[in-house]
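The values are calculated or read from the model by the stated rules, or taken from the named source; none is laboratory data. This one's a predicted model, so the numbers in the text were calculated from it and none came from an experiment. Methodologically, a virtual Cβ is constructed for each residue, glycine included, from the backbone with ideal geometry; neighbour enumeration extends over all protein chains shown. Heads up: the accessible areas ignore ligands, DNA and RNA and are worked out on the full protein's heavy atoms, side chains in. Shrake-Rupley method; radii C 1.70, N 1.55, O 1.52, S 1.80 Å.
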Amino acid sequence: MKRMKEILSRFHIRSLLKALVWTILLSFAYNIAYIAMGNISDGRLYYGAQIVLSLLSSIGFYKICTLAWTPKKEKLTFEVLLRVLIFQGIEILLVSAILVPLATVFASNMIVSVIVQLVSAVILIFIIPVQLLYYYALFLQKTTWKEIRQFIQTAFRFHYRSILNAYCALLLLVMAVDTFTGGPFSLARGFYVPGVLSNLLYCGNPLFSWMYVLYLTATFSLPLSSMFAVLFFLFVIGCMYAYLDLNYVGYIQEVCTDRGTKRSKAHR
């Protein structure tokens, strides 16, 4: 019982309400743009639009993180935005230009395929925790690459177990629920890790499943009354995802604060 109270005490509602609202609104806007890209017939143009949308979404994600970390309005400087875009660009290059093509080309080669799957699995475990620590370093106004690298290394040195355990538990929960609801992280067709990474990169917002089913309902002129229960269920699931994700974002701040990296008054 004491352990359960300790776990529940880490979940917050009021302090994350503003960030939760912005998460829902930005997810809605992203999903509209993503679904609209389906009308692009040219493959290269579609891929370019997907990259641009992913880069823009990283700015929104960083903004949401700052809302979870402080109630005050945070100014997004050009230097910070540039570093946010650089990190997202590296993710896109790593997943879309390297891992997914390698997995496709060497699908028939057992050894290479296993290696690609293992590398993708390691990246899947570390990519979001590293990204959040990277964002928190920017939030603390650490502007040089050396300062950011040292900050991430220090956080992992002292809290790698708690950071990775919490993220893996959250990831497994999302995969389990999506498997039953047919979401982007469903394991019904097997655990294809490069595909999971790609979905995380482009379809990782909490309300994607709800928005996609809503789009299909409108496209095929299905009666809204018959789909209401499904849409309501998916919307609730999406809000739950957003709430849990934001609690993990807040947990990153708690972990960093424990190591004396709390933002000083000079930074405010």
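Let's see how each residue does on (1) under 26 Å from residue 94 (Cα atoms); (2) open to solvent by 60 Å² or more (accessible area, probe 1.4 Å); (3) in contact with a Pro (Cβ under 7 Å, 6 or more places away or on another chain):
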{"position": "181", "(1), (2), (3)": "no, no, no"}
{"position": "187", "(1), (2), (3)": "yes, yes, no"}
{"position": "191", "(1), (2), (3)": "yes, yes, no"}
{"position": "194", "(1), (2), (3)": "yes, no, no"}
{"position": "205", "(1), (2), (3)": "yes, no, no"}
{"position": "224", "(1), (2), (3)": "no, yes, no"}
I'd like the residue in region 37-60 that is surrounded by 14 or more Cβ atoms within 10 Å (Cβ to Cβ) and among the aliphatic types (A, V, I, L, M) and, out of all such residues, is farthest from residue 203 (Cα to Cα). 40
